[in-house]
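Accompanying notes for the structure given below.
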Amino acid sequence: MSISLVLLPLAIAAVTAVHTAKGSGVDAQGRNVCEVGTRMRDTGLLAEALTDVGAGVRVENPHQLTASWHGVTAYFARDHEGTWSAHLTGEVDESRARGIIASIDSAYGRRVQAAVLARLRERAPLAGLQVESETVSADDSVALVLSVQR
């Protein structure tokens, strides 16, 4: 089976959901197509997130990559506006495709969080701040306590 997903940035997805009842359909080639909200933007972080969910990844260029795992191959492409789409082939239906994208989006969120925390730790001293403590909650959210250095 084959299915294509349009991966909309979350803010755009919310607006789209309000204005249209689209969500899924069939493209000109007869492939199932559905729209899925996502926060994915950075190709490098997307490739790392795909690796985190067990995919073998091949980055074609900053706007295309291919991922393969568990009987599914996904071709990711970004258009001129920065919106990603994913075409999944193999042992996949719409429900599994949405589940796969949700797991990738979660892994992507963890990668973004790690990158932001690394930048905060790196830049804090330059701003006259020092990390006093760091607490990770059960939901993997992180709270940093920073103090002003004198």
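Derivation of every value follows stated rules applied to the coordinates shown; laboratory data play no part. All values derive from a computational prediction rather than experimental measurement. Cβ: placed from backbone, ideal geometry, glycine included. Neighbour counts: every protein chain shown.
A crude spin-label estimate for the pair residue 141 and residue 95, with each label 7 Å from Cα along the Cβ direction, gives 3.2 nm.
Can you give the convex hull volume of the alpha carbon atoms of segment 47-150 per residue, in Å³?
Values: hull volume 13.4 nm³, N = 104.
With only Cα atoms used, segment 47-150 gives 129 Å³ per residue.
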